[in-house]
Amino acid sequence: MTLPRGPGRGRGRRDNGLDATLWHPLRDVDPRVGEHLLDLLAAAGIAAYLEPATDVQPYTRSVSFPSPPSDRLFVDRAQRAEAAAVVDKHTDEPTAPRPVPPRSDRVTDEDAEFARIVAAFEAEHGRNVVAAEPRDDPPPPPAERSVLDAFDDHYEPPPPPPLPVLAPASLYALLLIGLGAVLLIAPTRVGLSIDLGLVLGVAAVVGGVSVLVSRMRDRDSDDGDNGAVV
């Protein structure tokens, strides 16, 4: 057995002079037989070291030593089966690790520890009591009326005005223009020659247009507008 040496050696660590790349925690042993186990493992060519076993509290993360104190035996991970055989052969303790308390007990212990921390904080700083104040929230805005619930107030246009009635002179002028068009297009339909139909058709169209233009002049003069007259 040798004392800690080299980098990475923790406080209270003791090894058997052999080194390994990876370590495996084999079991917790009595400190009185730990050094003897290191010598046995060194004789078997198995790297091992001892380190004080510690427990970490779940909430405070404080480190404490178990009661009774024990050493944790670490061995070469590649030779953990051979190391377990050597340790089992020279110790009377069972190879199984320390029993883990049931989860319900652990939860109870954690709750008790948390309650103790809260009680200590309240004893030091006093208990903070928040008085319930009435809330003065503004009333919610009124709900908007749905489009489907809106009143049926659509616009109804007035009835259209009646169509203007043509004056007899304008009606005769249109009939004259229509007759002239027939004489120009198909004079033979009415028993006339093409030349005679052309002359009569042009005369009828010119006469009808003249009547319409004259009526437009009369209407403009009645309105009293001195603007341009077409």
Search result, residues across region 186-205 that are touching a residue at least 12 places away in the same chain (Cβ under 8 Å) and surrounded by fewer than 14 Cβ atoms within 10 Å (Cβ to Cβ): VAL202, ALA203
For region 186-220, how many residues meet the condition of being of a type in the set (Ser, Thr, Tyr) and under 28 Å from ALA167 (Cα atoms)? 2
Taking the condition over 57 Å from the mean Cα position of the chain (by Cα), modelled with pLDDT of 85 or more and surrounded by 11 or more Cβ atoms within 10 Å (Cβ to Cβ), does LEU37 pass? yes
Can you find, within region 83-123, the residue that is modelled with the lowest pLDDT among those that are among the β-branched types (Val, Ile, Thr) and within 53 Å of the chain's Cα centre (by Cα)? VAL100
The listed residue being at pLDDT 75 or above, under 54 Å from the mean Cα position of the chain (by Cα) and not in a strand (DSSP E or B), out of ARG80, ARG72: ARG80
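The values are calculated or read from the model by the stated rules, or taken from the named source; none is laboratory data. From a predicted model like this one, the values you see are computed outputs, not experimental measurements. In this analysis, Cβ positions are derived from the backbone assuming ideal geometry, glycine residues included, and neighbour counts consider all displayed protein chains.
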